[in-house]
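Reading through the structure tokens given below for one structure.
The values are calculated or read from the model by the stated rules, or taken from the named source; none is laboratory data. Keep in mind that this is a model prediction, so the values were computed, not measured. Note that we place each Cβ from the backbone using ideal geometry, even for glycine, and neighbour counts take in every protein chain shown.
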Amino acid sequence: EAVAAPLLSRIPMIGQAVLGFILPWILAMIAVPLEMLVESGRHVVGRALALAIRGGGVLFRLAGHGVRHLTAALTHLYDIYIIVPLQLERLTRARGAEPRRPLGGGVLRNPADRTGPVNVQR
């Protein structure tokens with residue numbers, strides 16, 4: 001077998017010496033910031049999660065107000081839509097049509113037409 005040349009046999013030893021000197025510096029420059037990231041990351045993630053939850057609350061509150069006002073607007077639109085047939089019916093009845101009679105006799109009247117005091121029984 002051939003013996004390795006003296007220059008080639010020293011390369012692994014020089015490489016180990018260089019790595020033995022540089023590797024601790026590399027680990028120190030990476031491990032310390034990594035440790036700080038792990039320590040402070042918990043606080044950062046907690047704050048970000050709290051901010052996300054509060055932001056979601058604001059969005060849900062805005063959506064709730066929007067839905068409430070939308071339903072009120074739809075109610076008003078329905079009132080506008082239904083008032084025309086009701087007013088036409090009222091006008092046709094006022095022109096001389098006899099009032100409707102319920103099945104039991106008597107005349108149907110609007111309770112708001114009463115002008116007398118309201119009796120409250122206790």
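Couple of notes before you dig in:
- Filtered residues of segment 43-71 (kept if surrounded by 10 or more Cβ atoms within 10 Å (Cβ to Cβ) and more than 22 Å from the chain's Cα centre (by Cα)): 44
- Of 15, 41, 20, 57, all but one fail to be modelled with pLDDT of 95 or more and among the small types (Gly, Ala, Ser); the exception is 57.
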